[in-house]
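The next block holds one structure in the form of structure tokens; read it before the comments.
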Amino acid sequence: LKRSLDLVGTDLTRNKGDDLVRGYVALYGIGTSSDELVLAAKEVARSNGALFAQHQSYAPTDAKRDRDRFGVDPLEHYQRLGVLDANTMFVHMNVLSDAEAETVVTTGMGIVACISSAMSWATGGSHIARYDQLHDRQVPIAFGSDSSNSALRWDTSEQGLLALLTARERHRSRDALSPHDVLEVLTIRAATAIGLDHMIGSLEVGKRADIVIRSEDSVLASPRTDVVQNMILTQRASTVDTVVVDGKVVLESKAPVRVDESEVAELVDTSAREMLDRIGMSLRR
């Protein structure tokens, strides 16, 4: 505990001004954080103008373990601690009671939903998650990918498609979540969830020039009857041609302009092999 308390927030010095890439105070290890550590982490986040983040209620077993140790629903416990507000962002949140869903709405907290992670680890999240209902109630939600062994693809629009499909299956209704809902989550709702909606998330005067330009030369872009539907249901990231971040081009003609992709791939492969060697595992061929 002492080591954790000494370390929490020490990397926040990396946050410079209003940089778009910034660190949060995050606790990882569902069901292992003491109240003392949670309160300390929240206070460090509050005093440094950062978000407090935590992985929470990933699977039914996680939620039950928390409920057993707290004696109440996990979110009720954290609300009593006073750590849930608009500067709090919890990741996953697949398992919520009716009361917890109400708590999410009333506290203004954000959620990062990692749809493929819930599915690839067979948590049942796609059957019981409430992302569509929470979206309808204006909760700031973002789509994330979680870790590389469960993300399947680093494509947030892919997560959006999975959210749409699983919501429709869950409710047996095509109205459960629409492509326009997904686009809203991918833009302004996500920006709100991570506390940056004053800078990004929509195209308007006074915000950063964060723009994604898509190509229409792919068959996936046709027919051009509903561009949002095509973008979410068929294109996803495949038609992204140019990306501008804060007015600077970082992707052009579908290729990054600041890094060498082949060099990055080689570094990743080398790092993975070294890690496997350290733990005594061999690559499967």
- request: Rounded to the nearest 0.05, what FRET efficiency do K207 and R137 give with R0 = 25 Å and r taken as the Cβ-Cβ distance? Could you check?
  value: 0.50
message: Over 23 Å apart: what share of the alpha carbon pairs of the range 36-161 falls there, rounded to a whole percent?
response: 29
- request: Could you give the size of the charge dipole of the range 14-73 about its Cα centre, using +1 on the Cβ of each K and R and -1 on the Cβ of each D and E, expressed in debye and rounded to the nearest 20?
  value: 120
- request: Compute the accessible area per residue over the range 134-183, keeping the other protein chains in place, probe 1.4 Å, unit Å².
  value: 52
- prompt: Size of the range 62-124 along its principal axes in angstrom, Cα-based, largest extent first?
  reply: 33, 26, 17
- request: Starting with the highest mean, order 27-36, 41-50 by the number of other Cβ atoms within 10 Å, averaged over the residues of each peptide.
  value: 41-50, 27-36
- line: Restricting to Cα pairs under 8 Å and 6 or more apart, the percent relative contact order of the chain works out to 10
statement: A convex hull over the alpha carbons of the chain yields, per residue, a volume in Å³ of 175
task: Could you check which residue among G160, G247, G110 shows the biggest mean-square fluctuation in a GNM of the chain with a 10 Å Cα cutoff?
output: G247
field: Residue among F143, I188, G82 farthest towards the positive dipole end of the chain, charges placed on Cβ
entry: G82
query: How many percent of the accessible area of the chain is carbon or sulfur, using a 1.4 Å probe?
result: 53
message: Could you tell me the calculated FRET efficiency between D35 and R172, based on Cβ-Cβ distance and R0 = 41 angstrom, to the nearest 0.05?
response: 0.50
- request: Grab the DSSP H runs of the chain that are 4 residues or longer, score each as -39,500 (n - 2.57), total them, divide by all residues and round the 222 nm result to the nearest 500 deg cm²/dmol.
  value: -11000 deg cm²/dmol
Assigned charges on the beta-carbon of Lys, Arg, Asp, Glu; the chain dipole about Cα centre (debye): 420
message: Please compute the contact order of the range 154-272 in relative form: average sequence separation of alpha-carbon pairs under 8 Å and at least six residues apart, divided by the residue count, as a percent.
response: 20
statement: Length-normalised contact order of the range 45-185, Cα under 8 Å, at least 6 apart, in percent, tallies to 20
- request: In vacuum, with every alpha carbon of the range 185-246 counted as one equal point scatterer, what does the Debye formula give for log10 I(q)/I(0) at q = 0.21, 0.24, 0.29 Å⁻¹? Two decimals, please.
  value: -0.88, -1.00, -1.13
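The values are calculated or read from the model by the stated rules, or taken from the named source; none is laboratory data. Here the structure is a predicted model, which is why all the values come from computation and not from measurement. Cβ: placed from backbone, ideal geometry, glycine included. Neighbour counts: every protein chain shown. Surface accessibility is based on the protein's heavy atoms, side chains included, excluding ligands, DNA and RNA. Shrake-Rupley method; radii C 1.70, N 1.55, O 1.52, S 1.80 Å.
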